[in-house]
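This report refers to the structure that appears directly beneath it.
The values are calculated or read from the model by the stated rules, or taken from the named source; none is laboratory data. Worth saying up front: this structure is predicted, and the values here are computed from it rather than measured. Counting neighbours? That spans all protein chains shown, and the Cβs are built from the backbone with ideal geometry, glycine included.
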Amino acid sequence: MPITNEIIKKVADDAGISVDELTLSGFLSFLREKRRKVMLDRLDVLTRYGVASIEDMEKKIKHGEISEHPAWEDLILLENLESAIAAIDEDIKAVQESS
């Protein structure tokens, strides 16, 4: 069932806020939840290798403390996750500045 404007207005009224405030709040909540999930994925990879950062992981791979496979692939994954986090942070900032 699609969400209608009437439902959105009712929810906003029930919450005692405007539709714009509800939309902004929902949008920020969505972005923060997305960021949280990406951060958990990042933490999972870092924990798997017992490192605190990409730099630590790269150093351990280069010194042979971590086997190269699949660590190099996971290092690329970490870089992509960190890029995603940065992009989400930019989106959050843009939304906050626009309100």
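Based on what the data block shows, is residue 68 charged (D, E, K, R) and modelled with pLDDT under 95? It is true that residue 68 is charged (D, E, K, R) and modelled with pLDDT under 95. Pairs are defined by a Cβ separation below 6 Å, a sequence spacing of at least 6 or placement on different chains, a first member in the range 60-79 that is closer than 14 Å to residue 45 by Cα, and a second member that is in a helix (DSSP H, G or I) and aromatic (Phe, Trp, Tyr); the pairs so defined are 66/49.
Scan the range 14-29 for residues that are assigned to a helix (DSSP H, G or I) and surrounded by 12 or more Cβ atoms within 10 Å (Cβ to Cβ) and the total you get is 9. The set of residues from the range 48-67 being assigned to a helix (DSSP H, G or I) and more than 14 Å from residue 81 (Cβ to Cβ) comprises 55, 56, 58, 59, 60, 61, 62.
Hey, any hits in the range 32-47 for a residue that's in a helix (DSSP H, G or I), at pLDDT 95 or above and more than 17 Å from the chain's Cα centre (by Cα)? Yes, the range 32-47 contains at least one residue that is in a helix (DSSP H, G or I), at pLDDT 95 or above and more than 17 Å from the chain's Cα centre (by Cα). Checked against the criteria, residue 53 does not count as free of Cβ contacts under 8 Å to residues at least 40 places away in the same chain, within 30 Å of residue 3 (Cβ to Cβ) and not acidic (Asp, Glu).
Among the residues of the range 1-12, the ones that are surrounded by 11 or more Cβ atoms within 10 Å (Cβ to Cβ), more than 26 Å from residue 94 (Cα to Cα) and not hydrophobic (A, V, I, L, M, F, W, C) come to 1 in all.
Under the condition of being small (Gly, Ala, Ser) and within 29 Å of residue 75 (Cα to Cα), the residues counted in the range 8-41 number 1.
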